[in-house]
Amino acid sequence: METDVGATTSEEANGSRAEKKPTVIFVLGGPGSGKGTQCAYIVEHFGFTHFSAGDLLRAEIKSGSENGLMIKSMINEGKIVPSEVTVKLLRQAMEESGNDKFLIDGFPRNDENRAAFEAVTGIEPAFVLFFDCPEEEMERRILNRNQERDDDNIETIRKRFKVFLESSLPVVQYYESIGKVHKIDAARPIEEVFESVKAVFTSINEKDD
Ligand SMILES: Nc1ncnc2c1ncn2[C@@H]1O[C@H](COP(=O)(O)OP(=O)(O)OP(=O)(O)O)[C@@H](O)[C@H]1O
Ligand SMILES: O=c1ccn([C@@H]2O[C@H](COP(=O)(O)O)[C@@H](O)[C@H]2O)c(=O)[nH]1
Ligand SMILES: [Mg+2]
């Protein structure tokens with residue numbers, strides 16, 4: 001069965017039945033803080049489907065889409081791709097997944113992203129995981145990562161850090177102000193970080209029972 005992401009059913013239009021919205025968790029943190037790494041573990045243990053917004057954008061470049069060149073040049077400059085492009089890709093991926101529990105990694109990147117996602121899908125995140133890590137550690141990790149990403153060079157990394165501080169941290173602060181952030185110390189070994197992540201998911205599952 002397809003997950004209905006932000007669509008309105010005829011019954012809803014009549015006001016007779018509200019559609020159950022999918023559960024979305026935003027996974028935020030600076031470049032190289034370990035978002036993708038931890039999401040892989042969460043998927044294994046808690047049955048979520050993981051979408052990295054960056055991965056979806058890189059796939060869009062590879063697909064030869066008409067937006068490909070624009071996306072490629074934004075990524076190479078560490079800039080934030082327009083919300084309409086990213087939200088469309090996320091919405092499509094969620095609809096096609098067949099799941100109703102999503103980890104959205106590396107999005108929203110700015111306040112406009114956040115507002116566009118909520119307006120288009122009608123979904124607010126259940127909570128936000130924020131991986132907190134010092135810049136020197138993130139830089140070390142990215143420079144040691146061998147994924148052949150065009151933006152994993154020191155010049156673009158510094159631009160990505162600047163954009164993170166100026167545009168993405170305010171989104172985390174917004175969610176903090178409404179009590180939705182679980183902050184994780186990400187400057188520890190992978191297994192230790194996951195112990196803290198696991199504790200968040202376990203306590204939320206217990207509350208739901
Ligand atoms: N806790 C950790 N300690 C040491 N290395 C780590 C840790 N977590 C992840 N790494 C490594 O650091 C690199 C970056 O991790 P990852 O790709 O998960 O980060 P990310 O937050 O998704 O980065 P980006 O925002 O650039 O996509 C990878 O090579 C990964 O293996
Ligand atoms: O919502 C998003 C996510 C990513 N981008 C662009 O992609 C790169 C790489 O993102 P990662 O999360 O590190 O994979 C990022 O620097 C942005 O240029 C985006 O525009 N919007
Ligand atoms: Mg990543």
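Of the residues making up region 145-188, those that are in contact with a strand residue (DSSP E or B) (Cβ under 9 Å, 6 or more places away or on another chain), away from ligand 2 (no atom under 15 Å from the Cβ) and β-branched (V, I, T) are V181, I184. Among the residues of region 71-115, those identified as touching a residue at least 60 places away in the same chain (Cβ under 8 Å), under 21 Å from F127 (Cβ atoms) and within 16 Å of ligand 3 (Cβ to nearest atom) are F102, L103, I104, D105, G106, F107, P108, R109.
Number of residues in region 160-209 that are β-branched (V, I, T) and over 21 Å from E135 (Cα atoms) equals 4. Taken residue by residue, region 136-146 has at least one member that is modelled with pLDDT of 95 or more and more than 16 Å from ligand 3 (Cβ to nearest atom).
The values are calculated or read from the model by the stated rules, or taken from the named source; none is laboratory data. Remember, it's a predicted structure, so these values are computed and weren't measured experimentally. In this analysis, Cβ positions are derived from the backbone assuming ideal geometry, glycine residues included, and neighbour counts consider all displayed protein chains.
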